[in-house]
1. For region 44-67, enumerate the residues that are under 17 Å from Ile92 (Cα atoms) and open to solvent by 90 Å² or more (accessible area, probe 1.4 Å).
2. Looking at region 73-90 only, could you name the residues that are under 16 Å from the mean Cα position of the chain (by Cα) and buried (at least 18 other Cβ atoms within 10 Å of the Cβ)?
3. Any idea how many residues of region 134-160 are closer than 23 Å to His33 by Cα and touching a residue at least 40 places away in the same chain (Cβ under 8 Å)?
4. Pick from region 8-43 the residues that are open to solvent by 60 Å² or more (accessible area, probe 1.4 Å) and aliphatic (A, V, I, L, M): which of them is modelled with the highest pLDDT?
5. Can you say whether Thr180 is surrounded by 15 or more Cβ atoms within 10 Å (Cβ to Cβ), part of a helix (DSSP H, G or I), in contact (Cβ under 8 Å) with a residue 12 or more places away in the chain and among the hydroxyl-bearing types (Ser, Thr, Tyr), as far as the supplied structure shows?
6. Does region 98-120 contain any residue that is outside any strand (DSSP E or B), of a type in the set (A, V, I, L, M) and within 24 Å of Lys170 (Cβ to Cβ)?
7. Return yes when Ile5 is within 14 Å of the chain's Cα centre (by Cα), more than 30 Å from Gln134 (Cβ to Cβ) and at pLDDT below 95 and no when it is not.
8. Among the residues of region 117-155, what is the count of those that are open to solvent by 50 Å² or more (accessible area, probe 1.4 Å) and either within 20 Å of Leu63 (Cβ to Cβ) or of a type in the set (Ser, Thr, Tyr) (or both)?
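The values are calculated or read from the model by the stated rules, or taken from the named source; none is laboratory data. Since we're looking at a predicted model, the values are computed, not measured. We place every Cβ from the backbone using ideal geometry, glycine too, and count neighbours over all the protein chains shown. Remember, those area values only see protein heavy atoms, side chains included, never the ligands or the DNA or RNA. Shrake-Rupley method; radii C 1.70, N 1.55, O 1.52, S 1.80 Å.
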Amino acid sequence: MKKWIFAFAGVFLISACTNTPPVQNLPEMTFKHLAPIPVQAAKLDVVNKSVTSVEGKEISHRLPTSPKQAMTQWAYDRLQPNGSGGRAVFTILEASAVENKLEKQTGLKGVFTTDQSERYDLTVDGRLDVYDAQGKNKGFATAKAHRYMTVSEDTSLLELEKKWYELLEKLMADFNQVMTENIRTQSF
């Protein structure tokens, strides 16, 4: 009898280990499909000066691609140093993803209501400075973008990850548009 119990427990444990949750394969977020932006500098540096948000609501680490990763990728994919001297510095001033819990219906009405349970705010802010060979600032361009979304309490983790990815993709499109326009108005 003990052998049957151990055999059953072993089969149960093995079957429990094989029921892994589904994995979502979202594409890598790149900007290589966009034309490079020429910058009159010999090299490009990317500096991260963003800080983690207050109150522990920062969730960048949970996103398939963090805002900081997207900003870094944007800089390396879009900014193309083509000068003989000097340097360009792209500074990430803010790259945040914040989760705020929303108030839900309670009582009997809450049982029959599917509420929006969380709000996600994503913000990116960057600055490009171009310096000549002597270290003199030849000019700068800045851009900031913010987007948010709410999700219902019945959103699955896979759906949520896809929504986060799509939100960040739209946010970076907004940032790209503004930064590209601002760079083109400069004479560096």
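1. Once the filter is applied, which keeps residues that are under 17 Å from Ile92 (Cα atoms) and open to solvent by 90 Å² or more (accessible area, probe 1.4 Å), region 44-67 yields Lys49, Val51, Thr52, His61.
2. Answer for region 73-90, where residues must be under 16 Å from the mean Cα position of the chain (by Cα) and buried (at least 18 other Cβ atoms within 10 Å of the Cβ): Gln73, Trp74, Ala75.
3. 3
4. Ala35
5. Details: surrounded by 15 or more Cβ atoms within 10 Å (Cβ to Cβ): yes; part of a helix (DSSP H, G or I): yes; in contact (Cβ under 8 Å) with a residue 12 or more places away in the chain: yes; among the hydroxyl-bearing types (Ser, Thr, Tyr): yes.
Here the answer is yes, as Thr180 does meet what is asked.
6. Looking for residues that are outside any strand (DSSP E or B), of a type in the set (A, V, I, L, M) and within 24 Å of Lys170 (Cβ to Cβ), one finds at least one in region 98-120, hence yes.
7. Taking the combined requirement at face value, the residue does not satisfy it.
8. 9
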